[in-house]
1. Against the condition in contact with a strand residue (DSSP E or B) (Cβ under 8 Å, 6 or more places away or on another chain) and more than 14 Å from residue B:172 (Cβ to Cβ), how does residue A:30 come out, does it pass?
2. Suppose we filter segment B:424-454 for residues that are of a type outside the set (A, V, I, L, M), farther than 14 Å from residue B:489 by Cβ and within 16 Å of the ligand (Cβ to nearest atom); how many remain?
3. Restricting to segment B:293-345, name every residue that is aliphatic (A, V, I, L, M) and at the interface with chain A (Cβ under 7 Å from one of its Cβ atoms).
4. Mind telling me which of the residues B:7, B:81 ends up being within 16 Å of the ligand (Cβ to nearest atom) and in contact (Cβ under 8 Å) with a residue 40 or more places away in the chain?
5. Please work out if residue B:138 is part of a helix (DSSP H, G or I), of a type in the set (Ser, Thr, Tyr) and in contact with a strand residue (DSSP E or B) (Cβ under 8 Å, 6 or more places away or on another chain).
6. Being on the phi > 0 side of the Ramachandran plot and modelled with pLDDT of 95 or more narrows it down to one of A:47, A:14, A:42, A:68, so name that one.
7. Quick one: which residue in B:155, B:183 is acidic (Asp, Glu), modelled with pLDDT of 95 or more and either part of a strand (DSSP E or B) or assigned by TED's automatic domain parsing to the domain that holds residue B:83 (or both)?
8. Out of all the residues in segment B:456-479, which are within 8 Å of the ligand (Cβ to nearest atom) and either open to solvent by 20 Å² or more (accessible area, probe 1.4 Å) or closer than 30 Å to residue B:514 by Cα (or both)?
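The values are calculated or read from the model by the stated rules, or taken from the named source; none is laboratory data. What you see is a predicted model, and the numbers here were worked out from it, not measured in a lab. Note that each Cβ is placed from the backbone with ideal geometry, even for glycine, and that neighbours are counted across all protein chains shown. Quick note on the areas: whole protein, heavy atoms, side chains included, nothing else; ligands and nucleic acids left out. Shrake-Rupley method; radii C 1.70, N 1.55, O 1.52, S 1.80 Å.
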Amino acid sequence: MRETTSLFLVGVGGQGTVLVTAILSKGLVAAGYDVKMAEVHGMSQRGGSVSTQVRYGDAVYSPIVGRGGADALVAFETMEALRWIEYLKPGGKVIVNDFRIASAPILMGQRDYPDNVLDILKACADTTVIEASDIAVEIGNPRVMNLVLFGALVESAALSAIDWEPVIRSSVKPAFLEMNLAAFRAGRNAVSPGEPERPARKTPRKKIVKESK
Amino acid sequence: MLMSSPKVTLLSGNEAVAQGAYEAGVVYASAYPGTPSTEILETLCKFRDDVIAEWAPNEKVAFESALGASIAGGRALAAMKMVGVNVAADPLFSAAYSGVNGGLVLVSADDPGLHSSQNEQDNRHYAPFMKIPMLEPSDSQESKDMMKAAFDISENFDTPVLFRMTTRICHSKSLVHLGKRQEGPRRLCPLNLTKFDVVPALARRHRVRLEARLKRLAEYSETCEFNRIEWNGPKIGIVTSGIAYQYAREVFADTASYLKLGFTHPLPVRLIRDFASKVEVLYVVEELDPYLEDFIRQQGITCIGKEKIPRIFELDPAIVARALLGREPETIRADMSPVVPRPPVLCAGCPHRGFFYELGKLARRRSVVISGDIGCYTLGGNEPLKALDLCICMGAGPSMAHGAQKVFNKFGDGTRVVATIGDSTFFHTGIASLMNAVYNKSNTITCILDNRITGMTGQQDNPGSGTTLQGESTPPIDIEAVVRALGVRHVRVISPMDLTHVQETLTWAFDLDEASVIIVRWPCVLKKLDREERDEYTHKAKFMTVVEEHCSGCRMCLNVGCPAVSFDRATGKARIDPNACNGCSVCAQVCKWSAVVNGDSANA
Ligand SMILES: Cc1ncc(C[n+]2csc(CCOP(=O)(O)OP(=O)(O)O)c2C)c(N)n1
């Protein structure tokens, strides 16, 4: 009997959380899990905060968890991690992109983007910081940031037994496939640099996990 | 455990409903978009060879068209968000009397938690009110199975069926076994159509028949496969339906017995009584109103429900656990004070921006009430534009404006009322509202924000966009011609990208003492433009940029509220993100220092 695991993905409209959630759930289904996935459409297109949940196990009932219910929180944007931290179980993992998107009050100069978010996160949870934007830019397209984070999630949430590359192949446009695969591999390496060498030899092995500011 | 195969796939509730309708042999489907229902038709429209799928201008029209399709002998479906059922209620109540020919199903997608709605109405109440059967799925597989059953129920009992979903059912994905389409036997259009002619004499007969039908449906409910007991012993019994079943199951697992109700009108009295008699405590776990609970109490059965479980907003497993088990969820405690809100904003390059900027400026100088409507442009009421006062329901902008204007005029206080309404909303119910203003001699100023698409719900075509849901080109309705045909004598069509012109046109309208209409036309930035539109609606610049030496740091450009424009507190200058900017130049037009320039030429 496999217990149900709950992943919570958060970000800002347009960051590609939907694609990652789709790949994630497809792969989990292929691996024989019962899977439920929840997303809320609506305001996301207009730069609002977005969240999706993926739950998998032998038999999953609720598609969502409430406060304190998620085993891991993946934040595609730094401040969003803190906005949703209440949904993480004590002892759960945070994977956070060191990437800031200013919201309206910040753009207007009414508020500052908070500088201490990563410190707060590290103080309260097992936090892995990923420089997904830098990695994506190095790969050649800032937009594949989402696959970098996905790679990091796969390592952190012990999902590496699943063969993800065919799933990615069937989920992205052929023209962007190589870039997405490179991003995925780089994300995995960012979390587990000791992993046996994967086909992606070109992937830079620089130290990307930021310890603290 | 389900294994993945081509026949088992992850579908959202909306996709599963579409799949179920397809497999059930639906031939006609109509809807007006609205979150969380929109993807039902967006999925059904792909079965091009078998299903006619259409966007209607509003929900009443969608349901009436589906009723016509049913009368002609086809299985038919109409889908809408919950407030849409209010719009469609008139034909629905009477269709409950007339009955159907081909199976007829109405999907109501409710939005507990108001994720993207103006209220939180619980549409389950419509089923007893309209006296029609209701089904409530609790995951995607049930959405498909129940949809297929809904068509059979509709035909067997000669009634429209209410298919009630909620946001979490519509938008969460779970595994579904796919099946094949079964074309039902063609139901010939009855030669005697009088049953659909609900004149009082006939309606009285229908009225009697309706009660008899409800009795038969109540019997059916007792043995319906969707009302089932999951027995785990007598300690705790839970009566539940819809998504609440999943939450209860998550919290109580096998420590409770469940009466899982899927056919929830009429409710199965005997089944409920029998279940209640076998358990020591009876909980009713349901989202929003005490619909099941009120019924159960009316039967004289004791239960625990809304005194513990919240009656507002969405439930989730943690909320159910806290309410019934007093289990406070363990959470991480962190200092949340640095988190800055992230409200939705008009996109960079949104054509609504320039218009609302000018309207807001004018409204601050005069006594003006701005009667808005529902769509992206409702965001025109937020900081910093703040140019919208009212928003009640679709189509209410011009009509509320009219009533208010009449009374302001009577009191002689000089206040003017401006209505703002989007193109899709204008087609929905705005035309009649504007007609009222003309007919009753108002002097309101109606601004139709024609962004050539239904923006808010995600780029659906509408009667003005020139394309149908299934991708056929069709003559676009000419809004200006409609407005003139309604008798509006003062009509101007302007671009929102030229602020001076917007200002002049608003001033022109304020100086008139008759109803006027300003059609503000520019396509939504997210719209895929065809070649003709690209030629007509292109900005001079690809992106704008700030010349730092000229920027005085006055922050005027921030007043347009564009997500591409920010203020750098360190340098005291404005900044434009070239990747986000789309070159609309609205910010440049408000800069007194000519510090915002075309980005391409600045680089050259
Ligand atoms: C009765 C009803 N049906 C549907 C909706 C969902 N809805 C909200 S805004 C909107 C579309 C508005 O489109 P438009 O008027 O063109 O304005 P835009 O968003 O493009 O600015 C819809 C369909 C609703 N709120 N009420």
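1. On the way: in contact with a strand residue (DSSP E or B) (Cβ under 8 Å, 6 or more places away or on another chain): no; more than 14 Å from residue B:172 (Cβ to Cβ): yes.
Taking the combined requirement at face value, the residue does not satisfy it.
2. Within segment B:424-454, residues that are of a type outside the set (A, V, I, L, M), farther than 14 Å from residue B:489 by Cβ and within 16 Å of the ligand (Cβ to nearest atom) number 13.
3. Going through segment B:293-345, the residues aliphatic (A, V, I, L, M) turn out to be B:296, B:301, B:304, B:309, B:312, B:315, B:318-321, B:323-325, B:332, B:334, B:336, B:339-340, B:345.
Matches in segment B:293-345: B:318, B:319, B:332, B:334, B:336, B:339, B:340, B:345.
4. Of B:7, B:81, the one residue that is within 16 Å of the ligand (Cβ to nearest atom) and in contact (Cβ under 8 Å) with a residue 40 or more places away in the chain is B:81.
5. no
6. Values: A:47 fails: modelled with pLDDT of 95 or more; A:14 fails: modelled with pLDDT of 95 or more; A:42 fails: modelled with pLDDT of 95 or more.
Only one candidate qualifies: A:68.
7. Numbers: B:183 fails: modelled with pLDDT of 95 or more.
Testing whether each residue is acidic (Asp, Glu), modelled with pLDDT of 95 or more and either part of a strand (DSSP E or B) or assigned by TED's automatic domain parsing to the domain that holds residue B:83 (or both) leaves just B:155.
8. To start, the set of residues in segment B:456-479 that are within 8 Å of the ligand (Cβ to nearest atom) comprises B:456-457, B:460, B:462.
B:456, B:457, B:462, listed by residue number.
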